[in-house]
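Participant: Before we start, here is the structure in question, set down as structure tokens.
The values are calculated or read from the model by the stated rules, or taken from the named source; none is laboratory data. Values in this document were obtained by computation on a predicted structure and should not be read as measured data. No Cβ is skipped: glycine too gets one built from the backbone with ideal geometry, and neighbour counts run over all protein chains shown.
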Amino acid sequence: MEAQEATAAIQADREYVLQTYAKPDFVIERGEGVYLYDTEGRRYLDFVAGIAVNALGYGDPDITRAITDQADKLIHLSNLYHSIPAGELARMLVEQTPGLDRVFFCNSGAEAIEGAIKFARRHARAHFGPEKTTIVAFDGSFHGRTMGAVAVTAREKYREPFMPVMPGVRFARYNDLESLREQMCTDVCAVLIEPVQGEGGLRSADPAFLQSARKLCDEFNALLIFDEIQSGVGRTGTLWAHEPSGVRPDLMTIAKPLAGGLPIGGILLTQNVADSIQAGDHGTTFGGNPLAAHVAATVFRKISDPAFLARVREVSSYLDESLADLQAEFPDTVLELRGCGLMRGIRIAGSAARVREIAQQQHVLIATAGDDVLRLVPPLIITSQHVDEAIEVLRKALS
Ligand SMILES: Cc1ncc(COP(=O)(O)O)c(C=O)c1O
């Protein structure tokens, strides 16, 4: 690509696209494996992965083949007719997720959250009457940008400019059972938890907290919803981040990596909740469309393979050790290591945006979560060499 084309692309963005995101002054043209290349041919090691989307990196031949094969047959159909891919994907998701029996497909994380809120309220109304409508969410939560999703998102900057948001939400402190207990009452229809918080700073839920939350939900006839939109599909080294806790939710939202970069979302639910939802209660034009569903089935088959997940755990342990070494080297700057698997946060003394900027100048892309947390969510196919490469640049950026 000519340099002028890159300049024109940046100009067009700045002139015509709504400026809700700050972007650097280069244009990414293509990706290969875990690297991205800009129009000048510069190579970047990608520890952002489209914000935890590109789990299989770039140019995975199975994804490319799935796209072309399905595009040849059928891209979109509508939910008025049966197609093969949605059923196939639903069966795989349910078979791999103990305790959850059905799936509703949609197109993004926020849309999955909206659906989960509606299903929880619908279920509560059907069984306990119209007063049981409250959702309890947590400090540090992030569930998306639509009106229901911002209502259950704690940070004021996402909510306040759009007031009034959906009523009927209370917040408890994350990992604080007493705080959750204080918010529980007969009006609560659901408790919504990210097993590992993404945008909110990469904190992980204690297994004991999830287990107690399950018990409290049962005590108050409330549903337990896990938001695994960022943490799910292998990111933490198990298929679902909540798995090691042994807790089974009533609903679970998924999205980001599922369709290899094509938009998709989903809500898994128990048969008990599904029984409260009637035909016509909810819908979406593109949900479960054959292209996204077929590609998602391909991605999910690869990631749910025990050997693939074992490799994720292996490289995660290497990343753990490398981050611990980094902390030992910079004890005054690296204040806390958070998250697990390949969903890691580094809380630092100072500006996370500044470290991200320096790393970017050294051709390593990392994300941030809030003002003081660096977020590492690389493709799940990284190797220990890629970890070394990223840590070396972080070392320079923190010096
Ligand atoms: C945990 C979590 N929930 C919901 C969302 C919203 O997803 P989307 O941006 O696809 O609407 C995100 C996105 O970052 C997320 O990390």
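Participant: Go through Ala90, Ala124, Ala86 for me and flag whichever is modelled with pLDDT of 95 or more and closer than 29 Å to Asn175 by Cα. Steps first, answer last, please.
Facilitator: Values: Ala90 fails: closer than 29 Å to Asn175 by Cα; Ala86 fails: closer than 29 Å to Asn175 by Cα.
Of the residues listed, the single one that is modelled with pLDDT of 95 or more and closer than 29 Å to Asn175 by Cα is Ala124.
Participant: Hey, another quick one. Given (1) crowded, with 18+ Cβ neighbours inside 10 Å; (2) in the same structural domain as Ala55 (by TED's automatic domain parsing), where does His294 come up short, assuming only one miss?
Facilitator: (2)
Participant: Check whether at least one residue in the stretch 248-267 is surrounded by fewer than 24 Cβ atoms within 10 Å (Cβ to Cβ), within 11 Å of the ligand (Cβ to nearest atom) and either on the phi < 0 side of the Ramachandran plot or not assigned by TED's automatic domain parsing to the domain that holds Phe105 (or both), and report yes or no. Full working, then the answer.
Facilitator: Of the stretch 248-267, the ones surrounded by fewer than 24 Cβ atoms within 10 Å (Cβ to Cβ) are 248, 261-263.
Okay, now just the ones that are also within 11 Å of the ligand (Cβ to nearest atom), so 263.
When the remaining residues are screened for being either on the phi < 0 side of the Ramachandran plot or not assigned by TED's automatic domain parsing to the domain that holds Phe105 (or both), the result is 263.
Within the stretch 248-267 (the criterion being surrounded by fewer than 24 Cβ atoms within 10 Å (Cβ to Cβ), within 11 Å of the ligand (Cβ to nearest atom) and either on the phi < 0 side of the Ramachandran plot or not assigned by TED's automatic domain parsing to the domain that holds Phe105 (or both)), the answer is yes, since at least one residue qualifies.
Participant: Examine the stretch 225-235 for a residue that is away from the ligand (no atom under 16 Å from the Cβ), touching a residue at least 40 places away in the same chain (Cβ under 8 Å) and assigned to a loop (DSSP other than H, G, I, E, B), and state whether such a residue exists.
Facilitator: So in the stretch 225-235, the residues away from the ligand (no atom under 16 Å from the Cβ) come out as none.
The answer is no; no qualifying residue exists.
Participant: Is it true that some residue in the stretch 236-246 is within 14 Å of the ligand (Cβ to nearest atom), within 24 Å of Leu202 (Cβ to Cβ) and of a type in the set (A, V, I, L, M, F, W, C)? Quick ask: steps written out before the conclusion?
Facilitator: Restricting attention to the stretch 236-246, the residues satisfying the condition of being within 14 Å of the ligand (Cβ to nearest atom) are 236, 240-242.
From the residues that got through so far, the ones that are within 24 Å of Leu202 (Cβ to Cβ) too are 236, 240-242.
Adding the requirement that they be of a type in the set (A, V, I, L, M, F, W, C) leaves 240-241.
Checked the stretch 236-246: at least one residue is within 14 Å of the ligand (Cβ to nearest atom), within 24 Å of Leu202 (Cβ to Cβ) and of a type in the set (A, V, I, L, M, F, W, C).
Participant: At least 2 residues that are in contact with a Phe, Trp or Tyr (Cβ under 8 Å, 6 or more places away or on another chain) in each: list the helices (runs of 4 or more DSSP H) lying fully within the stretch 64-180 that qualify.
Facilitator: Working: elements: 84-95, 109-128, 147-151, 156-159.
Per the criteria, 84-95, 109-128, 147-151.
Participant: Given the conditions (1) of a type outside the set (S, T, N, Q); (2) surrounded by 12 or more Cβ atoms within 10 Å (Cβ to Cβ); (3) assigned to a helix (DSSP H, G or I), and given that Gly31 satisfies all but one, which numbered condition is not satisfied?
Facilitator: All conditions pass for Gly31, except number (3).
Residues checked against (1) crowded, with 19+ Cβ neighbours inside 10 Å; (2) under 20 Å from Ile229 (Cα atoms); (3) modelled with pLDDT under 95; (4) touching a Gly at 6+ places or on another chain (Cβ under 9 Å):
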site	(1), (2), (3), (4)
Gly341	yes, yes, no, yes
Ile348	yes, no, no, no
Ile358	no, no, no, no
Gly370	no, yes, yes, yes
Val377	yes, yes, no, yes
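Yes/no per residue for (1) within 15 Å of the chain's Cα centre (by Cα); (2) of a type outside the set (D, E, K, R):
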| residue | (1), (2) |
| --- | --- |
| Arg214 | no, no |
| Cys217 | no, yes |
| Thr238 | yes, yes |
| Ile254 | yes, yes |
| Gly265 | yes, yes |
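Participant: Hey, among the residues in the stretch 353-369 that are touching a Lys or Arg at 6+ places or on another chain (Cβ under 7 Å) and in a strand (DSSP E or B), which one's farthest from Leu36 (Cα to Cα)?
Facilitator: The qualifying residue farthest from Leu36 (Cα to Cα) is Thr368.
Participant: So, in the stretch 139-181, exactly how many residues are in contact with a strand residue (DSSP E or B) (Cβ under 7 Å, 6 or more places away or on another chain), away from the ligand (no atom under 16 Å from the Cβ) and over 19 Å from Phe209 (Cα atoms)?
Facilitator: The total comes to 1.
Participant: Assess whether Ala369 counts as being in contact (Cβ under 8 Å) with a residue 12 or more places away in the chain, within 26 Å of Asp62 (Cβ to Cβ) and out of contact with any helix residue (DSSP H, G or I) (no Cβ under 6 Å at 6 or more places or on another chain). Show your work before the answer.
Facilitator: Values: in contact (Cβ under 8 Å) with a residue 12 or more places away in the chain: yes; within 26 Å of Asp62 (Cβ to Cβ): no; out of contact with any helix residue (DSSP H, G or I) (no Cβ under 6 Å at 6 or more places or on another chain): yes.
Criteria not met by Ala369.
Participant: Suppose we filter the stretch 200-213 for residues that are touching a Gly at 6+ places or on another chain (Cβ under 9 Å) and either without any contact (Cβ under 8 Å) to a residue 60 or more places away in the chain or outside any strand (DSSP E or B) (or both); how many remain? Working first, answer last.
Facilitator: Residues of the stretch 200-213 touching a Gly at 6+ places or on another chain (Cβ under 9 Å): 200-204, 207, 210-211.
This time we only want the ones that are either without any contact (Cβ under 8 Å) to a residue 60 or more places away in the chain or outside any strand (DSSP E or B) (or both), so: 200-203, 207, 210-211.
Total satisfying the criteria: 7.
Participant: Right, here's the next one. Out of contact with any helix residue (DSSP H, G or I) (no Cβ under 6 Å at 6 or more places or on another chain) and away from the ligand (no atom under 14 Å from the Cβ): does that describe Glu199?
Facilitator: On the way: out of contact with any helix residue (DSSP H, G or I) (no Cβ under 6 Å at 6 or more places or on another chain): yes; away from the ligand (no atom under 14 Å from the Cβ): no.
Here the answer is no, as Glu199 does not meet what is asked.
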